[in-house]
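Enquirer: One structure coming up, written as structure tokens, with questions to follow.
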Amino acid sequence: MEDHSVPPLSNNQSPHSPPSSSSQLNLPSAMSRTSLALETLTPSRQIDRMINSNHSQSPSRTIYSDRFIPSRSGSNFALFDISPPANSPADGREDHSSAYAALLRTALFGPEAGVAAPVTPEKRSFAMSQPSRNIFRYKTETRRSMHSLSPFGFDDAVPGVHNSPVKAPRKVPRSPYKVLDAPALQDDFYLNLVDWSSHNVLAVGLGNCVYLWNACSSKVTKLCDLGIDDSVCSVGWAQRGTHLAVGTSNGKVQIWDASRCKKVRTMEGHRLRVGALAWSSSLLSSGSRDKSILLRDIRAQDDFVSKLSGHKSEVCGLKWSYDYRELASGGNDNRLFVWNQHSTQPVLKYCEHTAAVKAIAWSPHLHGLLASGGGTADRCIRFWNTTTNSHLSCMDTGSQVCNLVWSKNVNELVSTHGYSQNQIIVWRYPTMSKLATLTGHSYRVLYLAISPDGQTIVTGAGDETLRFWNVFPSPKSQNTDSEIGASSLGRTVIR
């Protein structure tokens, strides 16, 4: 007997009724047992019904799969030396990104990785006979350099794509492009007789005279003559490039207006020769053989506003940091001191050098990075972090270090040397690898200055010559060639 109150079965339902019997049902007293259709179940039919009942679904909600089965159609099994699953789907449907995926695989892993070769039963049986290996071990042919991992790192892997050529190392010319005769250029380690202004004018102290050489026009001008009772010991341009300070053997400092060739004032205070000068805006510092450093404000009426004491011998090196907050000084007492604008005693003292410290250079690239070089008994370039008061590194150059200058265009520096090789070395920092070693001077290379564009250096020596070298690249923002007198090659006299 069929009860019509039970809804008809859907297409997904089993045509059989639930596995139960009248003797097993606990029915309410109001329900008649005769209203249910009962049938006798065999064991096999009961198992079938239990299996089919798992596929029944309610028409009121959607049933989702309870397990995620990833698609391995794009997996690169050849990379790990394993075969793709035998039951991989091959329904013939083409993925829209398959072209891009094949191109990327080819560019990253080589032409062989583009398509995996089909696995035949023979190959599968051979692979099964091999000993077990780590599936995460890369194949030998995939061990390439980091440069080759570029998507465009292969010449023939990607048609129509051209590789950029590897940038060749920069070549530094081994010969000077210009030589100037500089008669009476003194062979004295403790003097500083050459400086290059921001207006592209070179100042050189020759005997008791100062000469100006215009690098654009190659014109030579005699700025001053101190007379037979005095001589030039140092020259230093102000930042604006209009005024030049001249230190004399009588302990005086003269300020000259270079555009008018007129002396502005003379300042005293030192008892012995002034061999080092350094500008910080309107503040001029001078170092002397009397062991003192005087700070002079050219706007004030007094000859000096502060006196710095600490060195035990002649002060031969002075350099202000690029932010003008710190002054580094080197002396014949083998000491390197760092001062600030408000102290009369050094705030930092470095005593590692074993010879006179004349060569001093602040890095324009990293705040607080200071380089210093020692004389004949030392021969080392040392690097210091004045912010943390730490000694960073030391490089033995094999020769007396006379001068240092840092490039403002690249993180490189130049050192000039005396005994015994008289060479000029271009270094790459911080590796301190040599980019070039320049020779040509027959005496110690005691003087060094850099052009305002940062590309050219000029060196002077006791052989009474000034030599101009192109050692640094142009600034990144500068695309034109330097207008420094490269067009006027040859050898001329500066006076």
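The values are calculated or read from the model by the stated rules, or taken from the named source; none is laboratory data. Everything numeric in this text was worked out from a predicted model, so none of it was measured. Cβ sites come from the backbone with ideal geometry, for glycine too, and all protein chains shown count toward neighbours. Remember, those area values only see protein heavy atoms, side chains included, never the ligands or the DNA or RNA. Shrake-Rupley method; radii C 1.70, N 1.55, O 1.52, S 1.80 Å.
Enquirer: What's the FRET efficiency of residue 322 with residue 220 using the Cβ-Cβ distance as r and R₀ = 41 Å, to the nearest 0.05?
Expert: 0.85
Enquirer: Output needed for the stretch 189-284: three equivalent-ellipsoid semi-axes, defined as square roots of 5 times the C-alpha gyration tensor eigenvalues, in descending order, whole Å. Could the numbers behind the result be given before it?
Expert: Details: eigenvalues 77, 44, 28 Å².
Here the semi-axes work out to 20, 15, 12 Å.
Enquirer: Can you give me the distance in nm between label points at residue 301 and residue 171, each placed 7 Å from the Cα along the Cα-to-Cβ direction?
Expert: So the label points at residue 301 and residue 171 sit 6.3 nm apart.
Enquirer: Residue 240 versus residue 104, label points 7 Å from Cα toward the beta carbon: distance in nm?
Expert: Roughly 6.1 nm, to one decimal.
Enquirer: Show me, for the stretch 438-455, the HN-Hα J-couplings you get by feeding each phi into the Karplus relation (A = 6.51, B = -1.76, C = 1.60, θ = phi - 60°), rounded to Hz, glycine and proline as x.
Expert: After applying 6.51 cos²θ - 1.76 cosθ + 1.60, I find 10, 10, x, 6, 9, 10, 4, 8, 8, 10, 8, 8, 10, 5, x, 7, x, 9 Hz.
Enquirer: Could you tell me the accessible area of residue 243 in Å² (1.4 Å probe, neighbours in place), rounded to the nearest ten?
Expert: 60 Å²
Enquirer: Assuming R0 = 22 Å, what is the FRET efficiency of residue 434 and residue 385, from their Cβ-Cβ distance, to the nearest 0.05?
Expert: 0.40
Enquirer: Oh, and also: Cut-off 14 Å, label point 7 angstrom out along Cα-to-Cβ of residue 352: give me the residues of the stretch 396-417 whose amide nitrogen falls inside.
Expert: From the stretch 396-417, the list is 396-397.
Enquirer: Still on this structure, please answer the following. Using a Förster distance of 22 Å, how high is the FRET efficiency between residue 341 and residue 263, based on the Cβ-Cβ distance and rounded to 0.05?
Expert: That gives a FRET efficiency of 0.20.
Enquirer: Can you pull the one-decimal nm distance between simple spin-label points at residue 394 and residue 187, each 7 Å off the Cα toward Cβ?
Expert: 3.0 nm
Enquirer: Expressed as a whole percentage, what fraction of the accessible surface of the stretch 234-357 belongs to carbon and sulfur atoms when a 1.4 Å probe is rolled over the protein heavy atoms?
Expert: Carbon and sulfur together cover 44 percent of it.
Enquirer: I've got another one for you. In terms of modelled amide H atoms, which long-range or inter-chain residues lie less than 5 Å from the amide H of residue 239?
Expert: 281
Enquirer: Tell me, what is the per residue accessible area of the stretch 336-495 in Å², probe radius 1.4 Å? List each step's numbers first, then the result.
Expert: Numbers: 6380 Å² over 160 residues.
Ligands and nucleic acids excluded, the figure is 40 Å² per residue.
Enquirer: Might you report the magnitude of the Cβ-based charge dipole of the stretch 163-280 about its Cα centre, with Lys and Arg at +1 and Asp and Glu at -1, to the nearest 20 debye?
Expert: On the way: 15 positive and 9 negative charges, 127 e Å.
The dipole magnitude comes to about 620 debye.
Enquirer: Quick one: which residues, 5 or more positions from residue 445 or on another chain, have an amide H under 5 Å from its amide H? H modelled 1.01 Å from N in the peptide plane, none for Pro or chain starts.
Expert: Result for residue 445 returns 417, 418.
Enquirer: Right, something else. Taking Cα centroids, how far is the stretch 427-445 from the stretch 203-242 in Å?
Expert: That distance is 27 Å.
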